[in-house]
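For reference, the structure is listed below as structure tokens.
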Amino acid sequence: MKKPHWAEMGEYSLVWGMRLLLGIYRLGGRPVVQFFLYPVVAYYWLVNRRGRAASRDYLRRVSGYPADLQLSGGRLDSFRHFMTFAEAILDKLAAWAGMIALGDVGYRGREPVLERLRQGQGVLLLGSHLGNLEVCRVIASLNNNIRVNVLVHTRHAEKFSALLSRYNSASQLNLIQVTEISAATSMRLADKIDQGEIVIVAADRTPVSNQDRVAEADFLGAKALFPEGPFILAALLKCPVFTVFCLKRRGKYVIYFDPFSDGLKLPRKQREQALQETIQRYANRLQGYCLQEPLQWFNFYPFWHKES
């Protein structure tokens with residue numbers, strides 16, 4: 001049986017519940033909405049059998065590493081995983097509604113990124129579904145001249161943006177809705193980079209419309225598919241590349257910036273090998289951060305290859 005693509009999994013089917021919860025949030029604050037959050041997530045966890053299985057598979061893999069994570073991949077761990085995802089959605093709503101201030105976010109490795117921007121040089125940030133990338137909206141508040149462009153999958157973005165845009169009409173964040181990174185997308189983003197802007201793209205999800213543009217990488221002890229598009233894009237843009245991970249720790253978000261490349265190069269003769277090595281390097285970095293906060297990697301679909 002063909003493995004379903006992540007875009008078909010309905011990960012954002014929680015939007016209907018979040019619309020109600022956002023109304024409660026605005027009326028009664030976070031403590032009140034937390035009370036309603038548990039039954040919504042419990043229902044979603046019970047009916048989403050495939051997502052529940054994928055969650056447990058991932059957590060079992062994590063539990064095999066010698067870190068003091070106190071995870072086994074059981075049902076309770078999976079429910080905690082879903083609850084963490086729901087909490088992150090509330091934080092997304094808070095970020096879009098302007099309820100997360102600069103003082104609520106800490107940074108590690110930010111200065112090299114800001115230095116590039118001060119020089120008028122655009123920067124590409126390779127993100128992921130680890131943590132809460134939407135909180136990076138706060139980056140746009142660092143300086144009124146900094147523009148942040150985020151590539152998002154159309155189906156999810158339309159559902160979510162329709163809800164969120166009602167509460168935040170003015171932002172330095174620009175959502176670019178795409179299903180794949182095409183030549184037209186690359187040209188558009190090259191203009192953004194030339195203008196000294198930030199471009200963020202998630203690099204841990206396979207493309208929606210072109211399943212041939214993927215590569216295998218070792219991730220948490222087994223082969224998994226990663227998209228080639230973000231790394232080909234990085235080479236085309238000829239700009240500094242950093243990874244970005246936004247993790248929640250002790251109730252506060254911390255955004256980690258790590259240098260990835262001064263200008264990614266994929267030589268024609270060794271293109272496939274260079275691309276493979278680059279993707280493996282990204283997978284290694286993603287794994288390192290996943291092991292720090294495993295419940296914050298929000299992929300609820302079968303991620304690893306199966307023999308049958």
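The values are calculated or read from the model by the stated rules, or taken from the named source; none is laboratory data. It should be emphasised that the depicted structure is a prediction, and the values quoted were computed from it without experimental measurement. Glycine gets a Cβ as well: all are built from the backbone with ideal geometry, and neighbour counts include every protein chain shown.
Numerical summary
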| quantity | calculated |
| --- | --- |
| Yes/no for VAL254 being crowded, with 20+ Cβ neighbours inside 10 Å, assigned to a strand (DSSP E or B) and under 19 Å from the mean Cα position of the chain (by Cα) | no |
| Considering residues of region 224-267 that are among the charged types (D, E, K, R) and touching a Leu at 6+ places or on another chain (Cβ under 9 Å) only, the residue farthest from TYR301 (Cα to Cα) | LYS238 |
| Pick from region 259-273, criterion assigned to a strand (DSSP E or B) and surrounded by 13 or more Cβ atoms within 10 Å (Cβ to Cβ), ranking: farthest from the chain's Cα centre (by Cα) | SER261 |
| Hits in region 203-223 (condition: under 17 Å from the mean Cα position of the chain (by Cα), modelled with pLDDT of 90 or more and either more than 12 Å from PHE303 (Cα to Cα) or surrounded by fewer than 20 Cβ atoms within 10 Å (Cβ to Cβ) (or both)) | ALA203 |
| Residue that is surrounded by the most Cβ atoms within 10 Å (Cβ to Cβ), among those in region 18-42 that are out of contact with any helix residue (DSSP H, G or I) (no Cβ under 8 Å at 6 or more places or on another chain) and assigned to a helix (DSSP H, G or I) | GLN34 |
| Test: residue in region 65-74 that is assigned to a helix (DSSP H, G or I) and surrounded by fewer than 20 Cβ atoms within 10 Å (Cβ to Cβ) | no |
| Sole residue being part of a helix (DSSP H, G or I), in contact with a helix residue (DSSP H, G or I) (Cβ under 6 Å, 6 or more places away or on another chain) and not acidic (Asp, Glu), chosen from ILE89, ILE100 | ILE89 |
| Residue match in region 169-191 (condition: modelled with pLDDT of 90 or more and part of a loop (DSSP other than H, G, I, E, B)) | no |
| Residues of region 247-267 satisfying the condition of being more than 17 Å from ALA94 (Cα to Cα) and touching a residue at least 60 places away in the same chain (Cβ under 8 Å) | TYR256, PHE257, ASP258, PRO259, PHE260 |
| Test for LEU247: is it in a helix (DSSP H, G or I) and either of a type outside the set (S, T, N, Q) or surrounded by 17 or more Cβ atoms within 10 Å (Cβ to Cβ) (or both) | no |
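Per-residue answers, yes or no, for (1) of a type outside the set (Phe, Trp, Tyr); (2) in contact with a Cys (Cβ under 8 Å, 6 or more places away or on another chain); (3) modelled with pLDDT of 95 or more:
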{"site": "LEU266", "(1), (2), (3)": "yes, no, no"}
{"site": "LYS269", "(1), (2), (3)": "yes, no, no"}
{"site": "ALA274", "(1), (2), (3)": "yes, no, no"}
{"site": "GLN280", "(1), (2), (3)": "yes, no, yes"}
{"site": "GLN287", "(1), (2), (3)": "yes, no, yes"}
{"site": "PHE303", "(1), (2), (3)": "no, no, no"}
